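Everything below concerns the one structure shown next.
The values are calculated or read from the model by the stated rules, or taken from the named source; none is laboratory data. On a predicted model such as this, the values are computed, not experimentally measured, just so you know. Cβ placement follows ideal geometry from the backbone for every residue including glycine, while neighbour counts extend to all protein chains displayed. For accessibility, only protein heavy atoms count, side chains too; no ligands or nucleic acids. Shrake-Rupley method; radii C 1.70, N 1.55, O 1.52, S 1.80 Å.
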Amino acid sequence: MSTRRPIESWLTDMDGVLIHEGTPIPGADAFIKGLKESGKPFLVLTNNSIYTPRDLHARLTRMGLDVPVENIWTSALATAKFLDDQRPGGTAYVIGEAGLTTALHDVGYILTDTDPDYVVLGETRTYSFEALTKAIRLINNGARFIGTNPDETGPSPEGVLPATGSVAALITKATGKDPYFVGKPNPLMMRAGLNAIGAHSETSAMIGDRMDTDVLAGLESGMTTFLVLTGLTTPADIDRHPFRPSRVVNSIADLVAEI
């Protein structure tokens, strides 16, 4: 493998890397502290579009992880940035929570169920049949279909939950229209995040616990990639993919010295 330039900025996934079911993973606090002390640009990423950065900052703080609001990058923010670039001041019918609706409001979008430019699907704990039916009819009438992220399931203490990708598949089945997913593994989310902190891919690293989203997104964005084994991926899973991370480590604790 060719020698890469030193890592000057860091992007890290949140669930499975820094926290697991509401508990910090050992080493996460030291890693965040090290990043802040180093002065290097960094972002904590999540494909989950439910929460605003302020919500996530508060949740992480309660767990003992002090991540500033401006260092949190969500698929909802990336989706709002994408739509603002594509069609400034547009309209959208949104299925999602405050993380997504706030991000769209903040870029000047109008949320409506009357002839919207886009139907935007994000995470919610209360997908309603009525809302899905409305989304299907609006897409059939010409609204463009956007998904915040393609994750089919998400974690919970009781087991997996259906996530945006699964619900999007239902809408696709009913409309024949595939969504454009903005979140990981789309490199668009990574590039927009790198731009937000003034970082460059060739001197940046992505840390994740999933091959199909985190590692793939980092790889396609031209970054060094680290896979941690504290989340959904086991060593046996790695070889099932046609691509590999730059390095595999047991946990975030192993990367504190790399900062």
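Quick check: is even one residue across segment 122-137 open to solvent by 50 Å² or more (accessible area, probe 1.4 Å), within 23 Å of residue 15 (Cβ to Cβ), acidic (Asp, Glu) and assigned to a loop (DSSP other than H, G, I, E, B)? Break it down stepwise before answering.
At the first step, the residues of segment 122-137 found to be open to solvent by 50 Å² or more (accessible area, probe 1.4 Å) are 125-127, 129-130, 134, 137.
Imposing the further condition that a residue be within 23 Å of residue 15 (Cβ to Cβ) reduces the set to 125-127.
Among the residues that remain, those that are also acidic (Asp, Glu) are: none.
Among the residues of segment 122-137, not one is open to solvent by 50 Å² or more (accessible area, probe 1.4 Å), within 23 Å of residue 15 (Cβ to Cβ), acidic (Asp, Glu) and assigned to a loop (DSSP other than H, G, I, E, B), which makes the answer no.
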When residue 114 is run through (1) outside any helix (DSSP H, G or I); (2) closer than 25 Å to residue 72 by Cα; (3) open to solvent by 70 Å² or more (accessible area, probe 1.4 Å), the failure sits at (2)
Taking segment 85-101 and keeping residues in contact (Cβ under 8 Å) with a residue 24 or more places away in the chain and of a type in the set (Ser, Thr, Tyr) leaves 91, 93
